[in-house]
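Derivation of every value follows stated rules applied to the coordinates shown; laboratory data play no part. As the structure is a computational prediction, the values presented were derived from the model and not from experiment.
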Amino acid sequence: MGGRRAGGRVLAALLSLTTASVLLLAPAAGAKPAKHVIEVEARDNEFDAPSVTVRKGTWIKFANVGRNDHNVIPTSDAGEFLHIRTKSFEPDESMGIQMTKPGKYRYYCSIHGTRAAGMRGVIIVKG
């Protein structure tokens with residue numbers, strides 16, 4: 001097996017992504033594989049890590065470990081985080097995105113909250 005093919009399989013297995021529920025931002029051709037993956041669990045009515053601070057280039061994996069559907073909706077039109085927008089992801093599904101630009105990315109689950117209350121969180125990306 002070629003290194004490129006094996007690397008893609010490792011990344012796919014690591015993130016356990018479902019292509020039907022997310023637009024995954026793939027690294028550019030020739031880019032090094034992701035070194036850091038942070039998991040944020042969507043539990044029933046809460047994200048287990050409502051505030052996460054990461055370095056640029058980190059992958060964020062949202063995993064639904066609850067009994068209900070969830071979604072991840074950005075609270076503003078700020079850059080790349082719009083690509084994580086989903087209608088919903090079911091229990092035992094996951095989705096991810098690589099955070100490539102510094103900033104604050106606030107999000108919420110519209111099924112179990114609003115922009116101002118309930119199931120919400122923020123990812124702070126440092127340079």
Please give the contour-minus-distance gain from E90 to R67: 0.36 nm per residue of separation, less the Cα-Cα distance, rounded to one decimal in nm.
-> 7.5 nm
Sorted by chain and then number, the residues having a modelled amide H within less than 5 Å of the amide H of E93, at least 5 places away or on another chain, are N64
Please give every one of the aspartates and glutamates within straight-line cross-link reach of K56, meaning a C-alpha to C-alpha distance under 18 Å, and leave out same-chain neighbours fewer than 8 residues apart.
-> E39, E80
Taking 0.36 nm per intervening residue step and subtracting the Cα-Cα distance, what contour gain separates H36 from I124 on full extension?
-> 30.2 nm
Would you kindly state how much longer the chain becomes between K56 and R43 on full extension, computed as 0.36 nm times their sequence separation minus their alpha carbon distance, in nm to one decimal?
-> 2.1 nm
